[in-house]
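To keep things clear, I will list the structure first and then write my remarks on it.
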Amino acid sequence: MSYKKEIEKLNGKWQELENPELIEKQHQKGKLTARERVELLADPDSFVELDPFVETRFHILGLDQKKFPGDAVITGFAKINNRQVYLYSQDFSKMGGSLGEMHGQKIVKVIDLAAKTGCPVIGIIDSGGARIQEGISSLDGYAAIFKAQIRASGVVPQITVIAGPSAGGASYTPGLSDFVFMIEGISQMYITGPEVIKAVTGEKISFDELGGASVHGLKSGCAHFIFKSEKDCFLGVKKLLSFLPQNNLEDPPKQKGLFSEIFERENQRLLEIVPEDEKKGYDIKEVIEEIFDRGSFFEVQPGFAANSIVGLARLSGNVVGIVANQAKFMAGTLDIDSSDKVARFVRFCDAFNIPLINLVDTPGYLPGTDQEHRGIIRHGAKVLYAFAEASVPKISLILRKAFGGAYIALASRKLGQDVVITWPSAQIAAMGPEQAVKIIYKKEILESKDPKKLEKEKIQELKEFFLNPYQAAKLGQVDLVIHPKDTRTTLTKCLESLLNKRESKVARKHGNIPL
Ligand code: HXC
């Protein structure tokens, strides 16, 4: 055996992996190739490819099909901003990136390695789903991936980028991931495609209307980040990673720098942003921008359930998860979708040691038959469960209203908030005074000579008695009442006091979060 000849053979095998015709075919679809995507994401020269010569075992099924070395997926490890990650990238130019037994086995290998070594795993999906020719083996391929993902859940961050179709079985990989990225005009994710839908229901629908980036970013809530181009999307993945620890045993990366002067920054502008008139809305994102490190807020699911805002930011260099009510949208009420959004985000932060800061201004859970009938009780309970169970530092700041169940969910020490801070404008009550008088003074108002006048007086009485932070402060349920200008410094001090928080849990198999 000639040593040199074998090396030449190996070089030839690597060349076979990249077919210029197929690369061109992919480019004509306006998409980057699987390899170009990896190169865009990884630090230069850091990617090491695993299993490039794995092939499908079609012959086992007695099928005569063209085989592709690598089996339509590139897998391996690399560094992103000098931190180790595992990744895979499906190759649509080969059998539509469809997933068979060996393709699935390659993906399972990198997920398992990521979990074992405590590194994030990033999957790039561009696939027609289960490889139809491989029958049950392709379904088992997915089953093995899902099992690996679930094993790795809460151990390492799992990020999925949809960069083409994500059809059928392919959609449950994003469905089981922590974060899903989509690209306008390129990504489509669905369980059953338009043709099947037409055959079953007669409905005619395009791929984009069914499962395009806007649908999942705005309506279904299945995508967390939407970008206009692949390049921007991969930059977004890098930005997200910059907030995350490598695994559940690490703390998120603290940004070191000259924070002392920033730390001292007063928040005078908050008084201009939040209107005196409690009936007036405002943009909570301006409040976030004013309090947290400038430009650090990275919003998660910005287009979905906009009445609640969630995202990652830094406070004097420390990574935090923010949960905030958006007063300018549906008055910041909590509904079914926003409950799901908040609960899932809280559980992610808790799993990966990211402290939580709530900015509370909400009249409560959204009333209405539609919400009741669709299960606001079941969904709202997720928020209670997620917060009560989370053992990371939890700080709540009440700006204006904290009524009813939403107070319990977002601002209650008894449910497990470590520190509750309020502005003097905070109002904590079981419900708004206008609704409360109709219940507790119903008889008196009915029997009164001037019901309107009495109602007004009683509302005023309740407002004066209840709608302030001092009832709760007297009971020790509000720890601090502060001037709004001191918000940033107070939050920083409280956060730093809680960073070494430890909480032990009762031994059990697992709790039963309402799903
Ligand atoms: C095998 C597939 C395939 C699949 C695509 N291809 N999907 N091969 N299994 N699932 C092949 C095509 O035959 C074609 O091969 C090549 O990939 C490119 O596909 P085109 O159709 O030419 O591309 P395009 O027009 O861009 O359409 C892309 C597409 C379409 C919309 C994704 O291919 C499609 O509808 N595929 C099926 C999607 C689907 O229903 N998947 C569900 C599978 S069942 P050639 O040789 O011509 O280049 C499943 C189980 C669910 O996933 C499990 C749930 C947990």
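The values are calculated or read from the model by the stated rules, or taken from the named source; none is laboratory data. As the structure is a computational prediction, the values presented were derived from the model and not from experiment. Positions of Cβ are backbone-derived with ideal geometry, glycine not excepted, and every protein chain shown enters the neighbour counts. Ligands, DNA and RNA are stripped out before the accessible areas are found, and what is left, the full protein with its side chains, is counted by its heavy atoms. Shrake-Rupley method; radii C 1.70, N 1.55, O 1.52, S 1.80 Å.
From the list Ser177, Ser187, Ser153, exactly one residue is polar (S, T, N, Q), within 13 Å of the ligand (Cβ to nearest atom) and either closer than 27 Å to Pro245 by Cβ or at pLDDT 95 or above (or both). Which is it?
Details: Ser177 fails: within 13 Å of the ligand (Cβ to nearest atom); Ser153 fails: within 13 Å of the ligand (Cβ to nearest atom).
Checking each option against the conditions leaves just Ser187.
With respect to the conditions (1) surrounded by fewer than 24 Cβ atoms within 10 Å (Cβ to Cβ); (2) more than 12 Å from the ligand (Cβ to nearest atom), Ala167 falls short on a single one, namely (2).
With respect to the conditions (1) open to solvent by less than 20 Å² (accessible area, probe 1.4 Å); (2) not in a loop (DSSP other than H, G, I, E, B), Lys239 falls short on a single one, namely (1).
Residues are listed down the side, and each one gets a yes or a no for (1) in a helix (DSSP H, G or I); (2) modelled with pLDDT of 90 or more:
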{"residue": "Ala406", "(1), (2)": "yes, no"}
{"residue": "Gly416", "(1), (2)": "no, yes"}
{"residue": "Ile421", "(1), (2)": "no, yes"}
{"residue": "Lys453", "(1), (2)": "yes, yes"}
{"residue": "Ile459", "(1), (2)": "yes, yes"}
{"residue": "Lys463", "(1), (2)": "yes, no"}
{"residue": "Leu495", "(1), (2)": "yes, yes"}
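Of the residues examined, Val161 is one that is surrounded by 17 or more Cβ atoms within 10 Å (Cβ to Cβ) and assigned to a strand (DSSP E or B). Kindly indicate whether any position in the stretch 222-229 is open to solvent by less than 60 Å² (accessible area, probe 1.4 Å), assigned to a loop (DSSP other than H, G, I, E, B), touching a helix residue (DSSP H, G or I) at 6+ places or on another chain (Cβ under 6 Å) and within 29 Å of Ala390 (Cα to Cα). Scanning the stretch 222-229, I find at least one residue that is open to solvent by less than 60 Å² (accessible area, probe 1.4 Å), assigned to a loop (DSSP other than H, G, I, E, B), touching a helix residue (DSSP H, G or I) at 6+ places or on another chain (Cβ under 6 Å) and within 29 Å of Ala390 (Cα to Cα), so the answer is yes. Condition first: of a type in the set (Val, Ile, Thr) and farther than 16 Å from Cys494 by Cβ. Can you find one or more residues in the stretch 423-430 that meet it? Scanning the stretch 423-430 turns up at least one residue that is of a type in the set (Val, Ile, Thr) and farther than 16 Å from Cys494 by Cβ.
When the stretch 50-73 is examined, which residues are found to be outside any helix (DSSP H, G or I), open to solvent by less than 50 Å² (accessible area, probe 1.4 Å) and out of contact with any Phe, Trp or Tyr (no Cβ under 9 Å at 6 or more places or on another chain)? Give the steps one after another, and end with the answer.
Of the stretch 50-73, the ones outside any helix (DSSP H, G or I) are 50-57, 62-73.
Filter again for open to solvent by less than 50 Å² (accessible area, probe 1.4 Å), leaving 50-52, 54, 56, 68-73.
If the condition is that a residue be outside any helix (DSSP H, G or I), open to solvent by less than 50 Å² (accessible area, probe 1.4 Å) and out of contact with any Phe, Trp or Tyr (no Cβ under 9 Å at 6 or more places or on another chain), then Asp51, Val54, Phe68, Asp71 are the ones that fit.
Annotation: of all residues in the stretch 64-106 being more than 29 Å from the chain's Cα centre (by Cα) and more than 11 Å from the ligand (Cβ to nearest atom), the one that is farthest from Ser127 (Cα to Cα) is Asp64. Within the stretch 131-150, restricting attention to residues that are open to solvent by 30 Å² or more (accessible area, probe 1.4 Å) and within 7 Å of the ligand (Cβ to nearest atom), the residue that is nearest to Thr160 (Cα to Cα) is Leu139.
Looking at Leu17, Leu40, Leu22, just one residue is within 16 Å of the ligand (Cβ to nearest atom) and either more than 21 Å from Ser187 (Cβ to Cβ) or hydrophobic (A, V, I, L, M, F, W, C) (or both), and that residue is Leu22. Do we find a residue being open to solvent by 20 Å² or more (accessible area, probe 1.4 Å), in contact with a helix residue (DSSP H, G or I) (Cβ under 6 Å, 6 or more places away or on another chain) and within 13 Å of the ligand (Cβ to nearest atom) anywhere in the stretch 109-129? Yes, some residue in the stretch 109-129 is open to solvent by 20 Å² or more (accessible area, probe 1.4 Å), in contact with a helix residue (DSSP H, G or I) (Cβ under 6 Å, 6 or more places away or on another chain) and within 13 Å of the ligand (Cβ to nearest atom).
Quick check, is Ala199 more than 10 Å from the ligand (Cβ to nearest atom), of a type in the set (Gly, Ala, Ser), outside any loop (DSSP other than H, G, I, E, B) and open to solvent by 40 Å² or more (accessible area, probe 1.4 Å)?
Details: more than 10 Å from the ligand (Cβ to nearest atom): yes; of a type in the set (Gly, Ala, Ser): yes; outside any loop (DSSP other than H, G, I, E, B): yes; open to solvent by 40 Å² or more (accessible area, probe 1.4 Å): yes.
So Ala199 fits the description; yes.
One residue stands out among those in the stretch 331-367 that are modelled with pLDDT under 95 and at positive phi: the one that is nearest to the chain's Cα centre (by Cα), which is Gly332.
Of the set (1) touching a residue at least 40 places away in the same chain (Cβ under 8 Å); (2) part of a helix (DSSP H, G or I); (3) surrounded by fewer than 17 Cβ atoms within 10 Å (Cβ to Cβ); (4) more than 10 Å from the ligand (Cβ to nearest atom), all apply to Glu209 but (1).
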